[in-house]
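Structure record follows, encoded as structure tokens.
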2 protein chains.
Amino acid sequence: MGCMVPQVLKGFRDYLPEVMIPRQRMLRTIADVFESFGYLPLETPALEYAELLTGKYGEEGEGLLYRFRDHGGREVALRYDLTVPLARVIGSHPEIALPFKRYQIGPVWRAEKPGRGRFREFVQCDVDILGSSSMLADCECLLVDAAVLRALGVERFRIRVNNRKLLNGLLAHYGVVRTEAIHQTLRQVDKLEKVGRAAVADLLVAEAGWERPAAEELLGLLAQGSLDFPFTNPSLDAGRAELQRLLELAAAAGITSCVELDPTIARGLDYYTGTVFETVLLDLPGFGSVMSGGRYDELVGLFRSQPLAAVGISLGVDRLLSGLLELGLLPLGRATARVLLAVFGPETAADSVAAAQQLRAAGISTEVHPSDGGKLGKQYKHADSRGIPVVALIGPDEAAAGRVRLKRLATGEEITVARAELAARVAQWLG
Amino acid sequence: MGCMVPQVLKGFRDYLPEVMIPRQRMLRTIADVFESFGYLPLETPALEYAELLTGKYGEEGEGLLYRFRDHGGREVALRYDLTVPLARVIGSHPEIALPFKRYQIGPVWRAEKPGRGRFREFVQCDVDILGSSSMLADCECLLVDAAVLRALGVERFRIRVNNRKLLNGLLAHYGVVRTEAIHQTLRQVDKLEKVGRAAVADLLVAEAGWERPAAEELLGLLAQGSLDFPFTNPSLDAGRAELQRLLELAAAAGITSCVELDPTIARGLDYYTGTVFETVLLDLPGFGSVMSGGRYDELVGLFRSQPLAAVGISLGVDRLLSGLLELGLLPLGRATARVLLAVFGPETAADSVAAAQQLRAAGISTEVHPSDGGKLGKQYKHADSRGIPVVALIGPDEAAAGRVRLKRLATGEEITVARAELAARVAQWLG
């Protein structure tokens, strides 16, 4: 110890207060919105039996698991997402009554190659409704999505919705019916926004076995943005009916203006079975989706004897945070205190402590400079550099007179007030 | 996959909603109190370089580290506490201005033998003031301690304070001056409340090399509970002066009634250098300390060229939670929603969704039963079993008349109201 160079582990990061303050404010708002819809909080361990997580994320995902042997020789792994742990909870707690609406906010770990905005530890934020196959549940996901963004001050956003059954029906018309072939096609369709229609046509031909005319025709149908197609089949009909019902419920709930049908939305994940959606911020084109999700009726029943209907949202905490910061909707924070009680010297320190308690009792966050006084200029600078708007000082004269000197740093205004008026006056300054 | 038995890892646990609801409420209150004193939030990764954590926790602690090699061959470990990561942050972020007041709430991992109330993953909650050697900082820890408990509804508690310099001065009088000998003695003294004075005297003789008469005399001096001793030395004087100043500041801040000098408090941890304190709930005798801490001026400077003065509090989240639950100060939670919108059937589902949005817009947490209707009895039971106090229903008659049927489950009272009066009426029922 002693002299080693202290380093954060590669691919990991510290959240210093400047980012933590807005981040925490954002996460609280999000949790409040979830609870306003009746979702219940859940927390699961960071570590799980490795065998529980293997076989769930594909070969590539599995290679990213942090796996090791614990002190008892058990093969364990850090969780890779919050979905498989949820499935485990449902399997191991039969007392949980259905339908079950839960949210969980917590870190997950993936040994990805670190890169710009890509970390090996990141926070996931999931809401899911288990045990309901009603479109009311799908619609609720859109309502929660819109409510979260509005609560965070975002007015200009669009939730793009689609349905996997509809897509499957379209693909079936072109003879693409095997699961693997469907996934190969959807993974390419998912790139439409990023690379454009011509490039996706090329990819469908090169990577997913399509004939060019069929690929062009499919992309044309997707691009028209409606539910009218020149052919039909049961899967297409089912998907269309679900989408129509979803849009009808969304309209009743008053969120039509921010929901948009987009038949090109596929969401890469293989496990979606019905509704899929993603959410973009209209003032940050190209930023990507900040909240997405859909129905995945075959995943959460993994550890039960029967499948379990499920629909949910996954919110990218750090992506959304950086979007909100970029839009100026969430200022970086430097202080949690609104007032700094400067300390003149040891003989008046007790008065400062008492005055600070008085302010806190009035609901005003107050920091006492933790020093025995002296260097008042440095203490005022401490407040200024952290964005604490008001400094209060009790020197010997103020102490003798039962008064407090107040300075408003933004304007330089200085006054002295009686101790009894302190909280009221500060509250008035702080607005 | 498929049929494996889903199990939580040995020594770990799930927090189901019933516990998560009060736990989250408690943690929010605690963070709010910290922020009301100007503490800033910080978050560090779960994983650190193993070499950063080794040599810090003694041989026994080090054996409890979850260590492994990551994909890049680095030796890594899950964090064991939040203090060494804080020291690392201070060392790797020279831009952090001092004094620095931070709090961090997060899980730590120790491969302890699992037992009653002992888990391998548990949440720590730390507040620390770095870069101040003023007793104002020590006093602030007591103020925060008291403010947290009061904010959580606890009125009957006692913060017992002592000072390591005082203890060192007392021991020095008996020739106990080597660090290791001091620690051996303090570890026995720390057991006073648990095993009693006679047993500790025996332990001092058997385990810490004391002569019996000296041991009896020491324990007699500690038991008198005052700062008057029949001898003196510089360390004793320094400790006494610090304690007197601390008590004087605590009196000015108005918390005298819950602070008590207790010369027997040693706190087992070897790194304390001055003030030490612990907190007991008077209505739960024998429950142990729920918040403790002290000054440790030699630890946080580990990764800097100079030492860094530090004083802080560590709060036992799960212990405090179980205390609050036992005292009935924090009810178990079953629901986050206050109203359940039952769903009569597909034709009125959209009305239910719209009415729920209306209630949420009025700040009333509302759940829509995620079903396509039918089995109304089951839906009312869903609300009742979760403790949701009000059920609202829109059947075809109510829909046609623009009304909502409301039932208050506690009394069975049922009324119908116009949609426009819905939120006001529910708010009135909910008080």
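Read the figures in this text as sums done on the coordinates, not as results from a lab. Treat the numbers as computed from the prediction; the structure is a model and nothing was measured. Neighbour counts are summed over all protein chains in view; Cβ atoms, including those assigned to glycine, are modelled from backbone coordinates with ideal geometry.
Need one value for A:58-70: mean number of C-beta atoms belonging to other chains within 10 Å of its residues' C-beta atoms.
Details: counts 0, 0, 0, 0, 0, 1, 1, 1, 7, 2, 7, 1, 7.
For this peptide, the per-residue mean of nearby foreign Cβ atoms is 2.
Under 15 Å from the Cβ of B:Glu62, count the other residues' Cβ atoms, weight Lys and Arg +1, Asp and Glu -1, and hand me the total.
On the way: positive: B:Lys56, B:Arg67, B:Arg79, B:Arg110; negative: B:Glu48, B:Glu51, B:Glu59, B:Glu60, B:Glu75, B:Asp81, B:Glu112, B:Asp270.
With Lys, Arg at +1 and Asp, Glu at -1, the neighbours total -4.
Report Rg/Rh for the range B:169-215, rounded to two decimals, where Rg is the Cα radius of gyration and Rh the Kirkwood radius. Can you show the working numbers first?
Values: Rg = 9.8 Å, Rh = 10.5 Å.
On the Cα set of the range B:169-215, Rg over Rh gives 0.93.
Using alpha carbon centroids, what distance separates the range B:375-395 and the range A:227-289, in Å?
31
Using a 7 Å offset from the Cα along the Cα-to-Cβ direction at both A:Ala238 and B:Glu60, what is the distance between the two label points in nm, to one decimal?
Modelled inter-label distance: 6.1 nm.
Please find the FRET efficiency linking B:Asp202 to B:Ser305, where r is the Cβ-Cβ separation and R0 is fixed at 35 Å, and quote it to the nearest 0.05. Working shown, then result.
Values: r = 45 Å, r/R0 = 1.29.
Efficiency computed from Cβ-Cβ geometry: 0.20.
Could you tell me the calculated FRET efficiency between A:Lys191 and B:Phe229, based on Cβ-Cβ distance and R0 = 56 angstrom, to the nearest 0.05?
Values: r = 79 Å, r/R0 = 1.40.
Efficiency, rounded to the nearest 0.05: 0.10.
Across the range A:347-358, in residue order, what do the Karplus-derived ³J(HN,Hα) couplings come to in whole Hz, using 6.51 cos²θ - 1.76 cosθ + 1.60 with θ = phi - 60° and x for Gly and Pro?
6, 10, 4, 5, 5, 5, 4, 5, 5, 5, 4, 4
Calculate the translational D of the range A:151-285 in whole µm² s⁻¹ from Stokes-Einstein, where the hydrodynamic radius comes from the Kirkwood formula applied to all Cα pairs, the temperature is 37 °C and the viscosity 0.692 mPa s. Each step should come with its number before you reach the end.
On the way: Rh = 15.4 Å.
The Stokes-Einstein estimate is 213 µm²/s.
What's the local net charge at B:Arg116, with K and R +1, D and E -1, over the other residues with C-beta under 15 Å away?
Details: positive: B:Lys10, B:Arg13, B:Lys113, B:Arg118, B:Arg120, B:Arg319; negative: B:Glu112, B:Asp318, B:Glu326.
Residues close to B:Arg116 contribute a combined charge of +3.
Taking a cut-off of 29 Å between Cα atoms, list the lysines near B:Lys56, but don't count ones fewer than 8 places away on the same chain.
Filter leaves A:Lys10, B:Lys10, B:Lys101, B:Lys113, B:Lys165, B:Lys191, B:Lys194.
Residue by residue, what Karplus-based ³J(HN,Hα) values in Hz, rounded to whole numbers, does the range B:222-232 have, using 6.51, -1.76 and 1.60 with θ = phi - 60° and x for Gly and Pro?
5, 6, 5, x, 10, 9, 9, 10, x, 8, 8
Which of A:Phe12, B:Phe37 comes first, and how do the rest follow, when ranked by fewest Cβ neighbours within 10 Å? Can you show the working numbers first?
Working: A:Phe12 20, B:Phe37 23.
Arranged by neighbour count, lowest to highest, A:Phe12, B:Phe37 become A:Phe12, B:Phe37.
Would you give the gap between the C-alpha center of the range B:294-329 and the C-alpha center of the range A:185-219, rounded to a whole Å?
57
Distances from B:Gly72 to the same residue in each other copy, label points 7 Å out along Cα→Cβ, in nm, shortest first?
3.3
If amide H atoms are built 1.01 Å from N in the plane of the peptide, which residues on other chains or at least 5 residues away come under 5 Å of the amide H of B:Ser365?
For B:Ser365, whose amide H was placed from the backbone, the distant partners under 5 Å are B:Arg338.
Could you give me the ³J(HN,Hα) list for the range B:242-256, computed from phi with Karplus coefficients 6.51, -1.76, 1.60 and θ = phi - 60°, whole Hz, x at Gly and Pro?
With coefficients 6.51, -1.76 and 1.60, one gets 5, 5, 4, 4, 4, 5, 5, 5, 4, 5, 4, 7, x, 10, 3 Hz.
With each run of n ≥ 4 DSSP H residues scored as -39500 (n - 2.57), what mean residue ellipticity at 222 nm is computed for chain B after dividing by its residue count and rounding to the nearest 500 deg cm²/dmol? Kindly include the intermediate steps, with their values, before the conclusion.
On the way: 16 runs with 176 residues, N = 431.
Calculated mean residue ellipticity at 222 nm is -12500 deg cm²/dmol.
Would you kindly work out the equivalent ellipsoid of the protein assembly as shown from its C-alpha gyration tensor and give its semi-axes, the square roots of five times the eigenvalues, largest first in whole Å?
Each semi-axis is the square root of five times an eigenvalue, giving 54, 31, 27 Å.
For the modelled label position 7 Å from the Cα of B:Glu326 along Cα-to-Cβ, which residues of the range B:182-202 have backbone nitrogen atoms closer than 15 Å?
Residues B:194 qualify, since their backbone N sits under 15 Å from the label point.
Arrange A:Ile96, B:Ile129 by Cβ neighbour counts within 10 Å, fewest through most, would you?
Details: A:Ile96 17, B:Ile129 28.
Ranked by crowding around the Cβ, least crowded first: A:Ile96, B:Ile129.
Given the range A:151-285, what percent of its DSSP beta bridges are antiparallel, to the nearest 5? Mind showing how you got there, number by number?
Numbers: 7 of 10 bridges.
Antiparallel bridges: around 70 percent, rounded to the nearest 5.
One decimal, nm, shortest first: give the distances between the label point of A:Asp32 and those of the same position in the other copies, each label point 7 Å from Cα along Cα→Cβ.
Between copies, matching label points for A:Asp32 lie 1.1 nm apart.
Under a Cβ-Cβ cut-off of 12 Å, what is the net charge of the residues other than A:Leu422 that fall near it, where Lys and Arg count +1 and Asp and Glu count -1?
Computed value for this residue: +2.
What order do you get for B:Ile90, A:Ile394, A:Ile105 when you list them from fewest to most C-beta neighbours inside 10 Å? Before the final figure, lay out each step's value.
Working: B:Ile90 23, A:Ile394 28, A:Ile105 19.
Sorted ascending by nearby Cβ count, the order is A:Ile105, B:Ile90, A:Ile394.
Would you mind calculating the gained length between A:Arg319 and A:Arg178 on full extension (0.36 nm times residue separation, minus the Cα-Cα distance), in nm to one decimal? Numbers along the way, then the final one.
Numbers: separation 141, 0.36 × 141 = 50.76 nm, distance 3.43 nm.
Contour length minus Cα-Cα distance gives 47.3 nm.
Assuming a ≥ b ≥ c are the square roots of the Cα gyration tensor eigenvalues, decide whether the range A:6-78 counts as rounded (a/c under 1.5), prolate (otherwise, with a/b larger than b/c) or oblate. All intermediate terms of the calculation are to be shown ahead of the outcome.
Values: a/c = 2.37, a/b = 1.44, b/c = 1.65.
It is oblate, given that a/c is not under 1.5 and a/b is not larger than b/c.
Relative to the compact globular guide of 2.2 N^0.38 Å, what is the alpha carbon radius of gyration of chain B, as a ratio?
Details: Rg = 27.7 Å, N = 431, 2.2 N^0.38 = 22.1 Å.
Its radius of gyration relative to the 2.2 N^0.38 Å reference: 1.25.
Looking for one value pair here: nearest-to-axis residue in chain A (by Cβ) for the rotation onto B, and the distance in whole angstrom.
A:Phe68, 2
Run through the other copies and list how far each one's label point is from that of B:Gln244, in nm with one decimal, shortest first; the point sits 7 Å from Cα along Cα-Cβ.
8.8
Antiparallel versus total DSSP beta bridges in the range B:339-430: what percent is that, nearest 5?
Values: 9 of 17 bridges.
Antiparallel bridges make up about 55 percent of those DSSP assigns within the range B:339-430.
What share of the DSSP beta bridges in chain B is antiparallel, in percent to the nearest 5?
Of the beta bridges lying entirely in chain B, close to 80 percent run antiparallel.
Set the Förster distance to 60 Å, then compute FRET efficiency between B:Ser257 and B:Ala420 from the Cβ-Cβ distance, nearest 0.05. Spell out each step's value before the answer.
On the way: r = 52 Å, r/R0 = 0.87.
With a Förster radius of 60 Å, E is 0.70.
What's the average, rounded to a whole number, of partner chain beta-carbon atoms within 10 Å of each residue's beta-carbon in A:354-364? It would help to have the intermediate numbers written out before the result.
Working: counts 5, 2, 7, 7, 2, 1, 6, 3, 0, 1, 1.
Partner Cβ neighbours, averaged per residue: 3.
Just the projected area, averaged over all directions, of the convex hull on the alpha carbon atoms of the range A:81-139: how many nm²?
Values: hull surface 21.3 nm².
Spelled out: convex hull of the Cα atoms, projected over all directions, averaged, 5.3 nm².
Compute a Gaussian network model of chain A, connecting alpha carbons closer than 10 Å, and tell me which residue from A:Arg295, A:Arg23, A:Arg304 fluctuates the most.
Between A:Arg295, A:Arg23, A:Arg304, it is A:Arg304 that shows the largest mean-square fluctuation.
Classify the range A:339-430 as rounded, prolate or oblate, taking a ≥ b ≥ c as the square roots of the eigenvalues of its Cα gyration tensor: rounded when a/c is under 1.5, otherwise prolate if a/b is larger than b/c and oblate if not.
Working: a/c = 1.35, a/b = 1.03, b/c = 1.31.
Since a/c stays below 1.5, the shape of the range A:339-430 is classed as rounded.
Whose amide H sits under 5 Å from the amide H of A:Leu261, counting only residues 5 or more places off or on another chain, with H placed in the peptide plane?
Under 5 Å from the amide H of A:Leu261: A:Val161.
Across the residues of B:329-341, average count of Cβ atoms on other protein chains within 10 Å?
Partner-chain Cβ atoms within 10 Å, mean over residues of B:329-341: 2.
Quick check on the range A:107-196: take the gyration tensor over C-alpha atoms, sort the square-rooted eigenvalues as a ≥ b ≥ c, and tell me if it's rounded (a/c under 1.5), prolate or oblate.
Working: a/c = 1.72, a/b = 1.20, b/c = 1.44.
Here the range A:107-196 falls in the oblate category.
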